[in-house]
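Here is the structure we will look at.
The values are calculated or read from the model by the stated rules, or taken from the named source; none is laboratory data. It should be emphasised that the depicted structure is a prediction, and the values quoted were computed from it without experimental measurement. Using ideal geometry, Cβ is built from the backbone for each residue, glycine included, and neighbour counts are taken over all protein chains shown. Just so you know, the surface numbers come from the protein's heavy atoms only, side chains and all, with ligands and any DNA or RNA stripped out. Shrake-Rupley method; radii C 1.70, N 1.55, O 1.52, S 1.80 Å.
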Amino acid sequence: RLQLQNSICYEKAMEQRKNDNQILIFVHSRIETGKTAKALRDIAAEKSELNRFVRDGSATQEILREEAAAAKNADLKDVLPYGFAIHHAGLAREDRELVEDLFADRHIGVLCTTATLAWGVNLPAHAVIIKGTQIYDPAKGRWAELSPLDVLQMLGRAGRPQYDSEGEGIILTQHSELQYYLSLTNLQLPVESQLIKSLQDHMNAEIALGSIQTISEAIDWLGYTFLFIRMLRNPSSYGIAESSLRDDPRLKKRRLDLVHTAASMLEKSNLIHYDRRSGALQSTPLGRVASQFYINSSSMTVYNRHMRPSMADIDLLKLFSLSGEFSHITVREEEKLELSKLA
């Protein structure tokens, strides 16, 4: 499958290079940037088409050779003389800046990169290829499709302002997902609210600020959110029956259920005081700390349960490592040696 994707990427890249266009190829891991760049370089060498990417005897060839000698990353040093390059957050700052400058000056023909470039660096190209649309989602424990926002952000890099009248975006995906991406590019997919997933944290922040002091104020506050609008427009996506919407057109009961549940969970975590008789909501010192430092209510629950008046530094670090914010952080291969020294 990867070999087929590399072959297709090469074919598309060659079509662009015939018109001297630059190509961005988005992959979904740091290690894959180097593998893809090397694979494309090897295919070009096998077909004796390397001169399509860097012309022999050109100034670009000399510049790339000189800069490759100064590069710190082994993969970048390997592919740069041939007009290919890689870019990801794991590169040294000097290497990233070098690649960005060379690409902006049109010395690099094909740049293999991760999505960080789409979000953080303004480096447009005439053509963009998204190599595969499935990424591993640690929260779900399985492979999942790229988010529509990521796909649109990557495709948004196609076409250089002031230079191109159009750009080309190419998505390599399974046939079963074809209709989904056609809908996406036609902007036919509705945007749904994700507020319910983090309603506790948002409510805690509003209570800490004093914006919400009672349950009735919380119900009104929820009525000003995008979540409320989407519940009215697309009730089935939020578990609301059509009959419930007819009986309660403003969904006041549903909003009450949501804010009452969130307030009860916050009270259980000792982040607020919740008087069920009067409906009063009041922040606690722990709640204010969570709001001030953007700490999830689930993490505050863990701290509240395990924190002791006196703890050794290592015990504190162990406690903080239990935070939900760190649940999907993995140890990278290059970090193992340093971590073994610290152990």
If R0 = 41 Å, then residue 136 and residue 277, at their Cβ-Cβ distance, give a FRET efficiency to the nearest 0.05 of 0.30
Estimated 222 nm signal from helices in the chain, with DSSP H stretches of n ≥ 4 weighted -39500 (n - 2.57), rounded to 500
-14500 deg cm²/dmol
In whole Hz, what ³J(HN,Hα) sequence does region 115-120 give by Karplus (6.51, -1.76, 1.60; θ = phi - 60°), x for Gly and Pro?
5, 4, 5, 5, 8, x
Round to the nearest 10 and give me the degree value, 0 to 90, for the angle of helix 297-306's Cα axis relative to the longest principal axis of the chain.
70
DSSP beta bridge pairing in the chain, given as percent antiparallel to the nearest 5
35
SASA check, residue 289, accessible area w/ 1.4 Å probe, all protein chains in place, rounded to nearest 10 Å², comes out at 60
Below 13 Å, Cα to Cα, which aspartates and glutamates can residue 12 reach? Residues fewer than 8 away in the same chain don't count.
20, 168
Given a Förster distance of 30 angstrom, what is the FRET efficiency for residue 59 paired with residue 149, based on the Cβ-Cβ distance and rounded to 0.05?
0.15
With all protein chains in place and a 1.4 Å probe, residue 72 shows an accessible area in Å² (nearest 10) of 130
Would you mind counting up the charge near residue 85? Only other residues with Cβ under 10 Å from its Cβ, with Lys and Arg at +1 and Asp and Glu at -1.
-4
Of the trypsin sites (Lys or Arg not before Pro) in region 220-257, which ones lie in a loop per DSSP and count no more than 12 other C-beta atoms within 10 Å?
250
Surface share of carbon and sulfur [accessible, 1.4 angstrom probe, percent] for the chain:
51
From the phi of every residue in region 84-96, what ³J(HN,Hα) in whole Hz does the Karplus formula 6.51 cos²θ - 1.76 cosθ + 1.60 yield, where θ is phi - 60° and glycine or proline is x?
10, 8, 10, 8, 7, 5, x, 6, 4, 4, 4, 5, 4
Could you tell me how far the Cα centroid of region 73-121 sits from the Cα centroid of region 172-250, in Å?
39
Virtual spin-label span in nm between residue 77 and residue 312, 7 Å along Cα→Cβ
4.2
Sorted list, accessible surface of protein heavy atoms, 1.4 Å probe, largest first, for 224, 163, 274 is 224, 163, 274
Positive minus negative residues near residue 144 (Lys, Arg vs Asp, Glu; Cβ under 13 Å):
-2
Inter-probe distance in nm under a simple model that places probes 7 Å from Cα toward Cβ, at residue 35 and residue 224:
4.9
Once amide H atoms are placed 1.01 Å from N in the peptide plane, what residues at a sequence separation of 5 or more from residue 283, or on another chain, have their amide H within under 5 Å of its amide H?
273
Scan of the chain for GluC sites (Glu not before Pro) in DSSP loops with at most 16 other beta-carbon atoms within 10 Å gives a longest site-free stretch of 193-343
HN-Hα J in Hz across region 123-136 - Karplus 6.51, -1.76, 1.60, θ = phi - 60°, x for Gly and Pro:
10, x, 9, 5, 10, 10, 10, 9, 7, x, 10, 9, 10, 7
From most to least accessible, 1.4 Å probe, no ligand or DNA/RNA atoms counted, 165, 323 line up as 165, 323
Taking Cα centroids, how far is region 32-71 from region 266-332 in Å?
51
So what does residue 30 come to for accessible area, using a 1.4 Å probe and Å² rounded to 10?
80
Can you put 228, 326, 320 in order of accessible area, largest first, using a 1.4 Å probe?
326, 320, 228
Given Cβ point charges of +1 (Lys, Arg) and -1 (Asp, Glu) and nothing else, what value in debye, to the nearest 20, does the dipole of region 1-142 about its Cα centre take?
580
Within-12-Å neighbourhood charge of residue 75 [Cβ basis; K, R +1; D, E -1]
+3
With R₀ set to 51 angstrom, the calculated FRET efficiency between the beta-carbons of residue 305 and residue 47, to the nearest 0.05, is 0.25
State the extension gain, in nm to one decimal, for the chain segment bounded by residue 197 and residue 8, taking 0.36 nm per residue of separation less the distance between their alpha-carbons.
64.2 nm
